[in-house]
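To keep things clear, I will list the structure first and then write my remarks on it.
Each value in this text was obtained by applying a stated rule to the coordinates, not by laboratory testing. Given the structure is predicted, the values throughout are model-derived calculations rather than measurements. Reconstructed Cβ throughout: ideal geometry from the backbone, glycine too, with neighbour counts over all protein chains shown.
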Amino acid sequence: MRERSDTMLELRNIHKKFGELEVLKGVDIAVEKGDIVVILGPSGSGKTTLLRCINFLERADEGSLHFDEIQTEFSKASKKDINAVRKKSAFVFQNYGLFDNKTVLDNVTEGLIVGRKVPKKEAIEAAIRALEKVGLSDRLAYYPSQLSGGQQQRVGIARALAVNPDVILFDEPTSALDPELVGEVLQVIRKLAEEGTTMVIVTHEMTFAKEVANRVIFMDQGVIVEEGAPEAIFGNPKEARTRGFLQRIL
Ligand code: ADP
């Protein structure tokens with residue numbers, strides 16, 4: 001068992017229902033600083049819901065959250081707890097989640113200026129640094145519709161980076177992209193991995209998962225079936241459900 005002091009973020013016994021459908025059935029997940037946790041599993045197994053519960057895009061019905069100094073039951077989380085968690089985390093959406101009527105620069109500064117009350121000049125500087133990291137500092141005045149899907153997702157990643165979060169949550173960041181555009185986005189995430197960025201990534205890109213993850217979680221039907229180092233999960237999965245999934249997908 002890990003010492004609590006090593007753990008930056010920990011969710012315990014997470015339950016979530018949508019109506020009668022129980023999507024998460026008692027999930028535990030812990031993330032240490034510098035971890036790159038990849039969550040795999042069949043469609044509908046609850047991966048996205050788990051990721052969304054981490055930063056309160058969905059409210060878990062049951063379970064507890066510990067994120068640095070924040071410690072709360074999900075059912076009792078205050079506005080202050082929720083805001084504190086959202087300040088420490090950033091979410092990269094499957095469909096980019098950009099404002100179509102705002103430029104690239106405004107998309108990236110928005111969260112800083114409106115969400116975090118950062119002065120405009122500082123926000124612009126931070127946004128440009130983030131856009132440089134994803135190779136798009138020459139597209140500041142473009143609108144999302146003038147960019148490829150891969151470029152739009154790189155703006156989505158720049159927006160996450162600009163707020164300097166403790167953890168970035170990626171929800172199938174390449175699944176909306178045409179195959180030829182997947183590589184440029186994965187390349188950006190690889191670079192973040194090399195720099196030690198803490199990330200939790202839901203993906204179906206197995207080669208990428210093998211390469212960047214230091215821990216892989218396999219989910220099925222609302223529970224974590226198996227968890228371990230990528231070599232163990234991909235090379236020698238212990239559970240029949242994990243083996244079946246990998247055989248189907250690889
Ligand atoms: P995954 O990411 O593994 O594909 P999801 O977490 O997206 O799984 O979804 C798990 C299940 O919860 C699916 O059956 C999905 O249809 C359902 N679900 C997800 N979000 C909602 C929602 N907002 N309302 C109702 N059902 C939902």
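Summary of values
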quantity	calculated
Rg/Rg_ref, region 63-125, where Rg_ref = 2.2 N^0.38 Å and atoms are Cα	1.38
For the chain, alpha-carbon Rg relative to the globular expectation (2.2 N^0.38 Å, N residues)	1.00
Point-charge dipole on Cβ atoms (K/R +1, D/E -1) for region 205-244, about Cα centre, debye to 20	100
Per principal axis, descending, Cα span of region 27-175 in whole Å	44, 37, 28
Peptides 6-15, 122-131 ordered by average Cβ neighbours within 10 Å, highest first	122-131, 6-15
Size of charge dipole - region 1-119 - debye, nearest 20, with Cβ of Lys, Arg +1 and Asp, Glu -1, no other charges	300
Alpha-carbon gyration tensor eigenvalues x 5, square-rooted, for region 118-250, Å	32, 16, 12
Inter-centroid distance (Cα atoms) of region 7-26 relative to region 102-166, Å	32
Burial order of peptide ranges 70-76, 244-250 (average beta-carbon count within 10 Å, highest first)	70-76, 244-250
Full-stretch length increase - Asn101, Ser75 - with 0.36 nm per residue and alpha-carbon distance subtracted	5.8 nm
Helix-only [θ]222 nm of the chain, DSSP H runs n ≥ 4, -39500 (n - 2.57) each, per residue, nearest 500	-11000 deg cm²/dmol
Anchor Lys121: lysines whose Cα lies under 25 Å away (excluding residues fewer than 8 positions away in-chain)	Lys87, Lys88, Lys102, Lys133
